[in-house]
Structures are given as C-alpha cells and as structure tokens.
Amino acid sequence: MPLPTAVRIVEVSPRDGLQNELLPVTIETRIALVERLADAGLTHIETGSFVSPKWVPQMASSDAVFSGIRRQPQVTYSALTPNMKGLEAAIDAGVDEVAVFAAASERFSQKNVNCSIADSLRRFDPVIRLAASHQLPVRGYVSCVLGCPYEGRVSPTKVLEVSAELASMGCFEVSLGDTIGVGTVGSVRQLLDCLIPTLPASELALHCHDTYGQALANISAGLDYGIATIDTSIAGLGGCPYARGASGNVATEDVVFMLNGMGITTGLDLDHLMATGTWISEQLQRRNASKVGATVSATH
Ligand code: HMG
Ligand code: MG
C-alpha cells in the first residue's frame, strides 16, 4: 500500500486535552485555544464534549465555548455526544459534527459510560439518526483497541465487531483509540490486518495516547496501511479520566514534524503550532509534552 500523500489531522486538545486537567480551565482559555488552533491551520477541531458535568467537570459549559469562538468557515468544530441529551445540547450549540464513543472492553465501557458495550451501541442508534436528520456527520470512537486498563489484552476481533457496528449504524469514520498508549507496531499491524479487509483504511483514524512513547511509531505503521486521518493534541495534552495514568495524545507538533519529514502534507504551519503549544503549556502551568515544541522553545 503506498503511503498517503496527505494526512488530515483531527485536533482533539480542546476536548481530550483539557478533559483531564486538574486545575480548572476557564472558558476564555478554552475559546482562545480553539481560535489559536484554527489560526495555525487546523481544519478539524474537537472543541468540547456534551457529557455529564458530574462525570467530566472540565467539559462543563462546552456550549459557552461554542458560542464564544470566532468561527472560520473552513473549520469543522465537533463535539462528543454520549446520548440524546448530549446531542440535543450539541445541536443547540451549533456544532458541525458529533462523535459517539464506545469501547472494545466491557469494563472500560462500564467505567466510561456506565453501561455495557451493547447498551452503549443501542443508546447511539437514536443519536446517530437524529444527527443524520440534522445533516450532522457522526464520527465513532472505539476505546481500548490495543489494551484496556482493567482487562489487559483486547482481541482485534472484538475491536472489529464494535467498529463494524458503528460503521453500519452510520458513522462515517471510526477512530481507533489506544486509550492507554500500550500499542506497539506489532499490535497495530495485528489489529489493522484484522480490520482492513472489512473496514477500509479510508474509514479509519488512529487516536494514539503516548503513555509508552510508541505513538509516532504506531502512526507510521498505520500510514503503511493507508490510514490518512490522525488524531493529535497540541503540546501532547490529554488523558482519559477513566484510564488513570494514561498520558496525553501524541503531540500535534511531533506528528506534523514526522509527516513533514516523510513529505506528507498536512496544510499546517509548524511554527504556529509550536507557538500555540508553548502558550497553552504556560496557561496550564504544565510541561510541554511535545518533544519538538519543547526543544524548539528551549533553543529560541
Ligand atoms: P449515567 O449516570 O448513567 O446517566 O451517565 P443518566 O442518564 O442516568 O444521567 C445521570 C445524570 O447525568 C442526570 O442528571 C442526567 O441529566 C445527567 P441528574 O438527574 O443526576 O441531575 N446527564 C447529562 N448531563 C449533561 N449532558 C449529558 C448528560 N447525560 C446525562 N449528555 C453518561 C451516563 C454517558 C451521561 C456518563 O457516563 C458520561 O457523561 N460519561 C462521559 C464520560 C466521558 O466523557 N469520558 C471521556 C471521553 S471518552 C475518551 O476520552 C476516549 C476517547 O478519547 C478515545 C480514546 O482515547 O480511547 C474518545
Ligand atoms: Mg483519547
């Protein structure tokens, strides 16, 4: 399979990046982050999450983020919607796209959405139908595709079963979440060998957390299979509140640096991305987890 010539980056930092922060993040900072990301050229920004604020307090008031941002016409501003209540709030907020999220592990599903995998899929059915009636594209996430914090190994056939179900329910793309960053090139290959005969690479994305430092290698393995949509987070922000110890998503800056080196276009301005990563790390008073961003800001 030839490498893709262009990759679409889905920036998840305003959602995945901020949902796990310990310090409260103001609405103004959330809005400024989304606007800076759009200014850096990102065209798909996961801007918030319409989940229960009791479960994920950092994502409360995502409606205020949507109403506060200066929108750019080329940008898709999306949000997570776990149920009808979330979808209705997302529609009121004027989202451009929504995402439902399931898991390939039963115990993670219970911890994350308080129900079994099968029940979560049943719950998504009306969500996907209502979204379609509003012409809103629906993305599907599958968590724990390469390992679960509670169950350990996850079988590729289980990932296939959940991913294929999401696709058949109407998700235009399934993002494969290595929630705790335990995947390796070997396990990514095993997974994609199992998935791709049924789900084409053009309908898949990779969502790698970088806990064990394997994310760039795993993404490179995914590119070999023709996957051309990659989820990333500026400054490597992020984590999942229901996957303790998992680090952030792979840093946008690091992925763009790697893709630039491979001659794969993203349409993104690396200097602008690095400035945004430095800025948000300062705002959150945390170490910049992008190796590229941290190195360049230390040498300037
Ligand atoms: P539940 O407690 O079973 O739901 O939670 P419920 O229907 O019984 O409702 C309980 C309360 O929540 C009620 O309020 C509802 O109104 C409220 P009360 O009557 O007690 O005052 N509620 C809501 N409020 C606002 N928005 C809503 C909503 N729904 C119910 N949409 C539920 C079920 C799914 C709601 C809950 O478990 C939840 O919100 N979970 C979200 C967990 C989450 O956001 N996790 C992180 C995102 S997933 C992730 O990070 C992985 C990913 O990055 C990929 C990867 O890395 O693998 C995507
Ligand atoms: Mg995630």
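What follows is calculated from the coordinates using simple rules that are stated; it is not laboratory data. Computed from a prediction, not measured in an experiment: that's the story for all the values here. FYI the Cβ positions are ideal-geometry reconstructions off the backbone, even for glycines, and counts take in every protein chain you see.
The table that follows gives values for the structure above.
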read-out	value
Residue tally, condition buried (at least 20 other Cβ atoms within 10 Å of the Cβ), assigned to a loop (DSSP other than H, G, I, E, B) and of a type outside the set (S, T, Y), over the range 76-115	3
Considering residues of the range 26-40 that are hydrophobic (A, V, I, L, M, F, W, C) and more than 20 Å from S247 (Cα to Cα) only, the residue surrounded by the most Cβ atoms within 10 Å (Cβ to Cβ)	V34
Within the range 116-160, tally of residues that are among the aromatic types (F, W, Y) and either in a loop (DSSP other than H, G, I, E, B) or more than 16 Å from ligand 1 (Cβ to nearest atom) (or both)	1
Index of the failed condition, L23 passing every other in (1) buried (at least 23 other Cβ atoms within 10 Å of the Cβ); (2) more than 15 Å from ligand 2 (Cβ to nearest atom); (3) not basic (K, R)	(1)
Residue within the range 73-89 that is of a type outside the set (S, T, N, Q), more than 25 Å from A246 (Cβ to Cβ), more than 16 Å from ligand 1 (Cβ to nearest atom) and free of Cβ contacts under 8 Å to residues at least 24 places away in the same chain present	yes
Exclusive hit being within 18 Å of W279 (Cβ to Cβ) and not aromatic (F, W, Y), set T252, T229	T252
The range 204-262, residues that are more than 28 Å from G170 (Cα to Cα), among the polar types (S, T, N, Q) and within 12 Å of ligand 1 (Cβ to nearest atom)	T211, S247
Pair list, Cβ < 7 Å and 6+ apart or interchain, from the range 90-109 residues that are farther than 11 Å from F66 by Cβ to residues that are of a type in the set (D, E)	S105/E151; R107/E151
